[in-house]
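Structure first, commentary second.
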Amino acid sequence: MNEQSLAHGAASGPPSDLLNPGYWTDFDLTSAGFGSIGRNVRIAKNCTIVGMQNIHIGDHVRIDGLSVLSAGNGYIRIGSYIHIGGMCFLTGAGGIDLEDFSGLSQGVRVYSASDDYSGQSLTNPTIPREFLNVEIAPVRLGRHVIVGSGSVILPGCNIGEGSSIGAMSLVTKSLAPWGIYAGAPARFLKKRSQQLLAMEARLIQQRE
């Protein structure tokens with residue numbers, strides 16, 4: 001191979017499908033074994049999904065690459081018009097609900113189960129249950145909730161309708177509706193506009 005050929009090969013790079021695994025389509029997902037699945041759902045092919053039978057997905061949903069949905073125990077229920085950004089992690093042992101129009105930005109962690117960090121019990125899933133003290137409690141994100149990149153939501157948190165959570169926040173308790181929250185732990189900053197409800201109505205009207 002001559003220098004010109006080598007240069008051409010280096011410039012062209014790897015095939016596009018090598019670096020872009022793409023998304024599973026409705027046709028692929030209908031028979032995958034989900035508890036239920038709606039229309040216009042796209043799930044990146046490099047996601048990890050455990051316990052499909054305990055996962056329910058509505059219409060118009062996109063789950064981006066390297067996200068993990070784990071529901072071998074419990075459940076994960078995802079409504080309609082929802083985006084889950086890349087590298088998110090959802091553990092559904094205690095149950096997770098994402099209601100319509102809610103969304104997770106990249107790298108969000110949602111835990112419905114958590115080990116005891118006090119030192120009074122052993123930790124991690126390799127340990128028999130009698131030596132553990134795992135907190136298990138459902139997590140709910142209401143309609144139009146949006147969670148910023150890198151945030152963590154702990155078991156038992158109920159995020160009220162319309163609230164937004166800033167990037168890198170730690171949610172340790174339930175949050176009231178229509179607020180803007182940020183910080184570790186997340187604190188109320190100000191009220192969030194409800195103008196998006198009018199936009200939702202227009203969208204639904206167009207789709208009918």
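No value in this document is a laboratory result; all are computed from the given coordinates. This is a predicted model, so every value here is computed, not measured. Cβ atoms come from the backbone with ideal geometry, glycine included; neighbour counts cover every protein chain shown.
³J(HN,Hα) across the range 151-160 via Karplus (A = 6.51, B = -1.76, C = 1.60, θ = phi - 60°), whole Hz, x for Gly/Pro?
6, 10, 10, 9, x, x, 7, 10, 8, x
Read phi for every residue in the range 80-94 and hand back ³J(HN,Hα) as whole Hz from Karplus 6.51 cos²θ - 1.76 cosθ + 1.60, θ = phi - 60°, with x for Gly and Pro.
Running phi through 6.51 cos²θ - 1.76 cosθ + 1.60 with θ = phi - 60° gives 10, 6, 10, 10, 10, x, x, 6, 7, 9, 10, 10, x, 4, x Hz.
With n ≥ 4 as the cut-off for DSSP H runs, can you work out [θ] at 222 nm for the chain, using -39500 (n - 2.57) per run divided by the number of residues, rounded to the nearest 500? Spell out each step's value before the answer.
Details: 4 runs with 31 residues, N = 208.
Dividing the helical sum by the residues of the chain leaves -4000 deg cm²/dmol.
Please list the non-local residues whose amide H lies under 5 Å from the amide H of residue 97, H modeled 1.01 Å from N, same-chain partners needing a gap of 5 or more.
Amide H neighbours of residue 97: 77, 139, 140, 141.
About the Cα centre, and with charges only on the beta carbon of Lys, Arg (+1) and Asp, Glu (-1), how big is the dipole of the range 20-207? Nearest 20 debye, please. Don't jump to the answer; show the numbers that get you there.
On the way: 16 positive and 13 negative charges, 119 e Å.
With Lys and Arg at +1 and Asp and Glu at -1, about 580 debye.
Under 11 Å from the Cβ of residue 171, count the other residues' Cβ atoms, weight Lys and Arg +1, Asp and Glu -1, and hand me the total.
+3
Straight-line reach from residue 45: which aspartates and glutamates have a Cα under 19 Å away, not including same-chain ones fewer than 8 places off?
Here the aspartates and glutamates satisfying the reach criterion relative to residue 45 are 17, 26, 28, 59, 64.
Please find the FRET efficiency linking residue 190 to residue 117, where r is the Cβ-Cβ separation and R0 is fixed at 30 Å, and quote it to the nearest 0.05.
For residue 190 and residue 117, the calculated efficiency is 0.40.
Between residue 60 and residues 5 or more places away or on another chain, which pairs have amide H atoms under 5 Å apart, with H built 1.01 Å from N, and which residues are they?
39, 40, 41, 81
Starting from the amide H of residue 116, placed 1.01 Å from N in the peptide plane, find each other amide H under 5 Å away whose residue is 5 or more places distant or on another chain.
Amide H neighbours of residue 116, under 5 Å, 5+ apart: 133, 135.
If you find the alpha carbon centre of the range 144-164 and of the range 71-129, how far apart are they in angstrom?
Each part reduced to its Cα centre gives a spacing of 12 Å.
Which net charge results for the neighbourhood of residue 78, defined as the other residues with beta-carbon distances under 11 angstrom from its beta-carbon, given Lys and Arg at +1 and Asp and Glu at -1? Mind dumping the intermediate values first?
Working: positive: 62, 77; negative: 59, 97, 99, 100.
So the surrounding residues net to -2.
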